[in-house]
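Here's the structure we're looking at; comments come further down.
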Amino acid sequence: GEDVEQSLFLSVREGDSSVINCTYTDSSSTYLYWYKQEPGAGLQLLTYIFSNMDMKQDQRLTVLLNKKDKHLSLRIADTQTGDSAIYFCAERGLNTGNQFYFGTGTSLTVIP
Amino acid sequence: EPEVTQTPSHQVTQMGQEVILRCVPISNHLYFYWYRQILGQKVEFLVSFYNNEISEKSEIFDDQFSVERPDGSNFTLKIRSTKLEDSAMYFCASRGTDNSPLHFGNGTRLTVT
């Protein structure tokens with residue numbers, strides 16, 4: 001299957017920006033997603049981007065896509081303690097059929 | 001907003017028993033999935049289901065597992081002869097059109113003792 005990689009941990013101070021990075025291997029990747037998982041809960045869709053875009057902004061969230069380097073990032077502006085969670089990157093490509101491939105998740109800790 | 005619902009939220013079973021995990025996908029969705037997440041590990045694809053049949057399955061999804069859509073609303077995952085290593089969170093997900101993202105339920109935590 002395809003590989004999606006993320007760093008495991010990130011700590012930021014409340015009010016700072018957080019940047020969570022993701023790399024993937026699927027050259028046919030068409031859709032890329034960010035999900036948030038709070039303790040004991042399911043995966044909540046935050047935002048997604050089509051591969052013909054290089055940026056998408058949605059309130060405090062900015063997604064940047066570098067398709068050449070197969071690199072996706074999620075920037076959270078003015079990070080709040082409620083943003084502490086695990087963030088998963090996922091991708092789906094033309095070669096992966098119905099499958100969505102998920103990264104290991106990045107655990108974001110926001111320090112008050 | 002419509003959501004995917006899963007029951008039970010926590011299931012404890014003894015090794016060797018059979019369990020059925022239940023899901024009600026979003027009502028107008030067409031594609032249904034099961035994923036699992038062993039504690040601290042990746043979210044792993046198990047199976048996808050479309051048009052009343054399995055469309056894809058991973059190598060994890062062997063003969064121990066089966067899925068069913070017994071009526072117009074439920075989507076179930078049956079695990080036969082459970083093993084200790086089946087302990088995990090099991091997530092159901094669904095999506096509408098071919099281009100739409102996955103929407104997940106809150107998961108069922110399965111503990112095999």
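Quick note: the coordinates plus some simple rules give every number you see, no bench work behind them. Fair warning: this is a prediction, and the values are worked out from it, not measured in the lab. Every residue, glycine as well, gets a Cβ built from its backbone with ideal geometry; the counts of neighbours run over all protein chains shown.
Only residues that are part of a strand (DSSP E or B) and either surrounded by fewer than 18 Cβ atoms within 10 Å (Cβ to Cβ) or out of contact with any strand residue (DSSP E or B) (no Cβ under 8 Å at 6 or more places or on another chain) (or both) were counted across region B:66-113, and they come to 6. Can you tell me which residue within region A:37-55, out of those that are away from every other protein chain (no Cβ under 11 Å) and under 24 Å from A:ASN98 (Cα atoms), is surrounded by the fewest Cβ atoms within 10 Å (Cβ to Cβ)? Among those that are away from every other protein chain (no Cβ under 11 Å) and under 24 Å from A:ASN98 (Cα atoms), it is A:ASN52.
The residues of region B:6-45 that are surrounded by fewer than 18 Cβ atoms within 10 Å (Cβ to Cβ), polar (S, T, N, Q) and facing another protein chain (nearest Cβ under 10 Å), listed by number, are B:SER9, B:GLN41.
Restricted to region A:25-59, and to residues there that are touching a strand residue (DSSP E or B) at 6+ places or on another chain (Cβ under 6 Å) and in a loop (DSSP other than H, G, I, E, B), the residue that is farthest from A:ASP3 (Cα to Cα) is A:GLU38.
Being within 17 Å of B:VAL12 (Cβ to Cβ) and touching a Leu at 6+ places or on another chain (Cβ under 6 Å) holds for only one residue in B:THR108, B:THR113, B:THR82, and it is B:THR108. State whether one or more residues within region B:46-57 are more than 11 Å from every other protein chain (Cβ to nearest Cβ), surrounded by fewer than 19 Cβ atoms within 10 Å (Cβ to Cβ), in contact with a strand residue (DSSP E or B) (Cβ under 6 Å, 6 or more places away or on another chain) and not β-branched (Val, Ile, Thr). So far as region B:46-57 goes, no, none of its residues is more than 11 Å from every other protein chain (Cβ to nearest Cβ), surrounded by fewer than 19 Cβ atoms within 10 Å (Cβ to Cβ), in contact with a strand residue (DSSP E or B) (Cβ under 6 Å, 6 or more places away or on another chain) and not β-branched (Val, Ile, Thr). Based on this model, can you work out whether B:ILE26 counts as hydrophobic (A, V, I, L, M, F, W, C) and in a loop (DSSP other than H, G, I, E, B)? Yes: the conditions hold for B:ILE26.
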